[in-house]
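Colleague: Structure incoming, see below.
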Amino acid sequence: MKLNIAVLPGDGIGPEVTAQAVKVLKAIAMEFGHIFTFNKALVGAAAIEQTGSALPEETISICKKADAILFGAIGSAKYDIDPDAEIRPEHGLLGLRKSLDLYANIRPVIAYEDLLNKSSLKIKQIRDTNILIYRELTGGLYFGEKKLTNDAASDICEYSRFEIERIAHLAFKAAQTRKRKLTLVDKANALATSRLWRKVVQELATQYPDVKLEFLYIDNAAMELIINPRQFDVILTENMFGDILSEEASVIVGTIGLLASASINEKHAMFEPIHGAYGKFANKGVANPIASILSAAMLLEHFGLDQEAALVRKAVDKSLKLHITTPDLNMKYDNISTTKVGDFIEDFINNPEETNLNFKNIHLGQSTII
Ligand code: IPM
Ligand code: MN
């Protein structure tokens, strides 16, 4: 298969982790005889420095022409401490989501057996957690009209039936391929938008009689997600609630450094780790590249390259099992860098026979495969 992939490394740890994902995709292309071409583009603070805009026209155009986009991270402390800054790195990401109309953000939350003790939650509570969050990505508070003066400010939260229906259909369909349960998370006891979500989703449910539909208020869902995450299959929610819930869910996994995501519509698809730019940790080799690598696996799945994605996932599982992980996971070895994790996963894809692994030398970084 030929794929033209736009690569937007962005800020902070974005470039380091994205480089590992690109490496992995190149190994997959080689192994399976695909032709993937990569086109780099500027976004975020990196783009502001060079062009004055967080989302240059050229970047939008490269993304529109691409089959898929691999996104790193954006954000910079310089802008975070200045609430009056008009040009902000985040516009690079939010503007891209909006201009490509990437309305469905899909965030899998999977508790890896080998990492259960990395979560601050109890193992018996989180074992076998497997949740798929469908977060609406182009509406709500993020994109409503904004006003800001010295004395007052407002963000409008607005949703149309159309915006709710299109993502709800995707979430129902996803549930049909899983445990056939869909939980709509909202705040219908306080918000009009949430009441519309409930109404529309309830109406659509008649088209999916095999899916069990449940409703939870966001405050309650935030608690249930920690107490009993196994009760969830597919979660559907609006933009802001989805942002918060998905980051909370990373506690189940043990590190946000493992959470991948896809942002899609019928025409475009972007893949990105859910973590941010973490400028403080940039260029230190400590950033976990797995969220970005798993985002690349989601990219492959998006194009029906399931065998390819399965090999990436197998390589990731292996790296976790062998503790070839960055310091955020605080496993057996503490000297394994972002690049080394990427190298191991790349090596495994090139040579997936487990018998070839040289277990002894792995932690020394001397060689991963003999
Ligand atoms: C995310 C991020 C973004 C969001 C920020 C960087 C604007 O937190 O993708 O979850 O809030 O959507
Ligand atoms: Mn977030």
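The values are calculated or read from the model by the stated rules, or taken from the named source; none is laboratory data. What you see is a predicted model; the values in this text were computed from it and never measured. Virtual Cβ from ideal backbone geometry, glycine too; neighbours counted across all protein chains shown. What goes into the accessible areas is simple: the full protein's heavy atoms, side chains included, and nothing from ligands, DNA or RNA. Shrake-Rupley method; radii C 1.70, N 1.55, O 1.52, S 1.80 Å.
Colleague: Of the candidates Ile156, Ile293, Ile69, which one comes out as most mobile in a Gaussian network treatment of the chain with C-alpha springs shorter than 10 Å?
Modeller: Ile156
Colleague: In addition: Could you check how much of the accessible area of segment 104-257 is carbon and sulfur, as a whole percent, using a 1.4 Å probe? Mind dumping the intermediate values first?
Modeller: On the way: 3780 of 7060 Å².
Within segment 104-257, the accessible surface is 54 percent carbon and sulfur.
Colleague: I'd like to know how the chain sits against the 2.2 N^0.38 Å rule of thumb: what's its Cα Rg over that expected value? Let's see the in-between values first.
Modeller: Values: Rg = 20.5 Å, N = 370, 2.2 N^0.38 = 20.8 Å.
So the Cα radius of gyration is 0.98 times the expected 2.2 N^0.38 Å.
Colleague: How much length is gained on full extension from Lys26 to Glu58, taking 0.36 nm per residue of separation minus their Cα-Cα distance? Walk me through the numbers on the way to the answer.
Modeller: Details: separation 32, 0.36 × 32 = 11.52 nm, distance 2.44 nm.
Working it through step by step, the gained length comes to 9.1 nm.
Colleague: Please state the charge dipole magnitude for the chain, taken about the Cα centre, from unit charges on C-beta atoms (+1 on K and R, -1 on D and E), reported in debye and rounded to the nearest 20. Please report the intermediate quantities before stating the final value.
Modeller: On the way: 41 positive and 47 negative charges, 167 e Å.
That gives a dipole near 800 debye.
Colleague: With 19 Å as the limit, write out which pairs from Lys212/Lys267; Lys146/Lys187; Lys23/Lys314; Lys78/Lys146; Lys64/Lys147; Lys124/Lys173 have Cα-Cα distances beyond it, or answer none. The partial results should precede the final answer.
Modeller: On the way: Lys212/Lys267 29 Å; Lys146/Lys187 21 Å; Lys23/Lys314 16 Å; Lys78/Lys146 22 Å; Lys64/Lys147 30 Å; Lys124/Lys173 30 Å.
Pairs exceeding the cut-off: Lys212/Lys267; Lys146/Lys187; Lys78/Lys146; Lys64/Lys147; Lys124/Lys173.
Colleague: What nm value, rounded to one decimal, do you get for the distance between Glu224 and Asn4 when each label is placed 7 Å out toward the C-beta?
Modeller: For the pair Glu224/Asn4, the computed spacing is 4.5 nm.
Colleague: Shape of segment 104-257 from its Cα gyration tensor (a ≥ b ≥ c, root eigenvalues): rounded if a/c is under 1.5, otherwise prolate when a/b > b/c, or oblate? It would help to have the intermediate numbers written out before the result.
Modeller: On the way: a/c = 2.21, a/b = 1.29, b/c = 1.72.
Because a/c hits 1.5 or more and a/b fails to exceed b/c, segment 104-257 counts as oblate.
Colleague: Ignoring ligands, DNA and RNA, what accessible area per residue does segment 181-221 give at 1.4 Å, in Å²?
Modeller: On a per-residue basis, 48 Å².
Colleague: Grab the beta carbon distance between Glu214 and Ala153, set R0 = 45 Å, and tell me the FRET efficiency rounded to 0.05.
Modeller: Details: r = 35 Å, r/R0 = 0.77.
E(calc), rounded to 0.05, equals 0.80.
Colleague: For a quick check: with amide H placed at 1.01 Å from N, whose amide H comes under 5 Å from Gly75's, ignoring anything fewer than 5 positions away on the same chain?
Modeller: Residues meeting the amide H criterion: Asp11, Ala45.
Colleague: Lys40's amide H: which non-local residues (gap 5+, or another chain) put their own amide H closer than 5 Å, with H modeled 1.01 Å from N in plane and none for Pro or chain starts?
Modeller: Under 5 Å from the amide H of Lys40 lie the amide H atoms of Val7, each far enough along the sequence or on another chain.
Colleague: If you plug each phi of segment 322-327 into the Karplus form 6.51 cos²θ - 1.76 cosθ + 1.60 with θ = phi - 60°, what whole-Hz ³J(HN,Hα) values come out, in order, with x for Gly and Pro?
Modeller: 8, 6, 8, 9, 6, x
Colleague: Additional query: Label Ser120 and Arg313 with points 7 Å out from Cα along Cα→Cβ: what is the distance between them in nm?
Modeller: Rounded to a tenth, the inter-label distance reads 2.9 nm.
Colleague: Checking understanding here: applying a Kyte-Doolittle mean of at least 1.6 and a length along the axis of at least 30 Å (C-alpha), which whole DSSP H helices in the chain pass? Intermediate results must be reported in sequence, preceding the final value.
Modeller: On the way: long enough: none.
Length and hydropathy pass: none found.
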